[in-house]
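Here's the structure, in structure tokens; my notes come after.
The values are calculated or read from the model by the stated rules, or taken from the named source; none is laboratory data. Treat the numbers as computed from the prediction; the structure is a model and nothing was measured. Glycine also receives a Cβ, built like all others from the backbone with ideal geometry; neighbour counts cover every protein chain displayed. Ligands, DNA and RNA are stripped out before the accessible areas are found, and what is left, the full protein with its side chains, is counted by its heavy atoms. Shrake-Rupley method; radii C 1.70, N 1.55, O 1.52, S 1.80 Å.
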Amino acid sequence: MRLIFIGPPGAGKGTQSARLVEFLQIPHLSTGDMLRQAVRDKTDAGRHAESFMERGDLVPDDVVMDLVRERLERPDCGAGALLDGVPRNQRQADLLDEALARSRMQLDVALELRVPDEAVIQRLAGRGRGDDQPGVIKRRLESYWRQTRPLLDYYQERGILHRIDGLGTPDEVFERIKGALQAAPGEVPPHCKVPGS
Ligand code: AMP
């Protein structure tokens, strides 16, 4: 199964992704993590990405999607993958579709993690990552609203969008995610079925 997570920064995508990949036994592809690692390793992609990330702007599509494509081609993604933080705009969505199609794969599920803006700002302010400063948070939210949120319509029209209420404890939110996946027939491998469902 191939899934993506869409939601504003601070919605809890990282926390829920970690649980979901454990549950589904598939690799976790977080473009934020991949880019932060590339910056630490001072690779060409990392050097290119650094200033965009510091400002809270999106890194150029080709830089990100080259990393994603390369990662998706590794054998451990054969059984599925959870993409976290990508696609962030329509061009990335198109490039992702192309990359998957080339390997005769497709996106099965898009999960939207819905959290009101005020809650997001509060959560990010308490997190303390380098790009969680007030001015940078504002830019990251703006890029979410302007470029990423329109993708929800795109996946809704394809019939693969599941909206998840992201408020509550991590356990509560994860139960909702599992419930949504069970409702998507044939998409959850048998070893992951929730007992009693
Ligand atoms: P995240 O950890 O997903 O919040 O990402 C942190 C930062 O990495 C973002 O503010 C962007 O600068 C960059 N980034 C992560 N994923 C992408 C992506 N798919 N496209 C462009 N920039 C990205």
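For segment 19-40, a residue qualifies if it is within 11 Å of the ligand (Cβ to nearest atom) and outside any helix (DSSP H, G or I), and the qualifying residues are LEU29, SER30.
Within segment 32-39, is there a residue that is without any contact (Cβ under 8 Å) to a residue 12 or more places away in the chain and open to solvent by less than 10 Å² (accessible area, probe 1.4 Å)? There is no residue in segment 32-39 that is without any contact (Cβ under 8 Å) to a residue 12 or more places away in the chain and open to solvent by less than 10 Å² (accessible area, probe 1.4 Å). Counting only residues that are near the ligand (Cβ under 10 Å from one of its atoms) and of a type in the set (Lys, Arg), which one in segment 113-141 is nearest to ASN89 (Cα to Cα)? In this case the residue turns out to be ARG140. Among the residues of segment 93-112, the ones that are more than 16 Å from the ligand (Cβ to nearest atom) and in contact (Cβ under 8 Å) with a residue 60 or more places away in the chain come to 4 in all.
Just checking, does segment 41-50 include any residue being within 19 Å of TYR144 (Cβ to Cβ) and assigned to a helix (DSSP H, G or I)? Among the residues of segment 41-50, at least one is within 19 Å of TYR144 (Cβ to Cβ) and assigned to a helix (DSSP H, G or I), which makes the answer yes.
Among the residues that make up segment 99-107, is at least one of them assigned to a loop (DSSP other than H, G, I, E, B), touching an Asp or Glu at 6+ places or on another chain (Cβ under 8 Å) and surrounded by fewer than 15 Cβ atoms within 10 Å (Cβ to Cβ)? Reasoning before the result, please.
Initially, segment 99-107 is screened for residues assigned to a loop (DSSP other than H, G, I, E, B), giving 103-107.
Add one more test, that the residue is touching an Asp or Glu at 6+ places or on another chain (Cβ under 8 Å), and what stays is 103, 106-107.
Filter again for surrounded by fewer than 15 Cβ atoms within 10 Å (Cβ to Cβ), leaving 103, 106.
Within segment 99-107, one or more residues are assigned to a loop (DSSP other than H, G, I, E, B), touching an Asp or Glu at 6+ places or on another chain (Cβ under 8 Å) and surrounded by fewer than 15 Cβ atoms within 10 Å (Cβ to Cβ).
Take the conditions (1) in contact with a strand residue (DSSP E or B) (Cβ under 9 Å, 6 or more places away or on another chain); (2) surrounded by fewer than 12 Cβ atoms within 10 Å (Cβ to Cβ); (3) of a type outside the set (Lys, Arg); PRO134 misses just one of them, which is (1). Of everything in segment 75-92 that's within 10 Å of the ligand (Cβ to nearest atom) and either within 15 Å of MET105 (Cβ to Cβ) or touching a residue at least 40 places away in the same chain (Cβ under 8 Å) (or both), which residue is surrounded by the most Cβ atoms within 10 Å (Cβ to Cβ)? Checking each candidate, the answer is PRO87. Is it the case that some residue within segment 122-129 is more than 23 Å from THR15 (Cβ to Cβ) and either open to solvent by 50 Å² or more (accessible area, probe 1.4 Å) or modelled with pLDDT of 95 or more (or both)? Checking segment 122-129: not a single residue is more than 23 Å from THR15 (Cβ to Cβ) and either open to solvent by 50 Å² or more (accessible area, probe 1.4 Å) or modelled with pLDDT of 95 or more (or both). Restricting attention to segment 51-66, the residues that are part of a helix (DSSP H, G or I), open to solvent by less than 80 Å² (accessible area, probe 1.4 Å) and within 9 Å of the ligand (Cβ to nearest atom) add up to 6.
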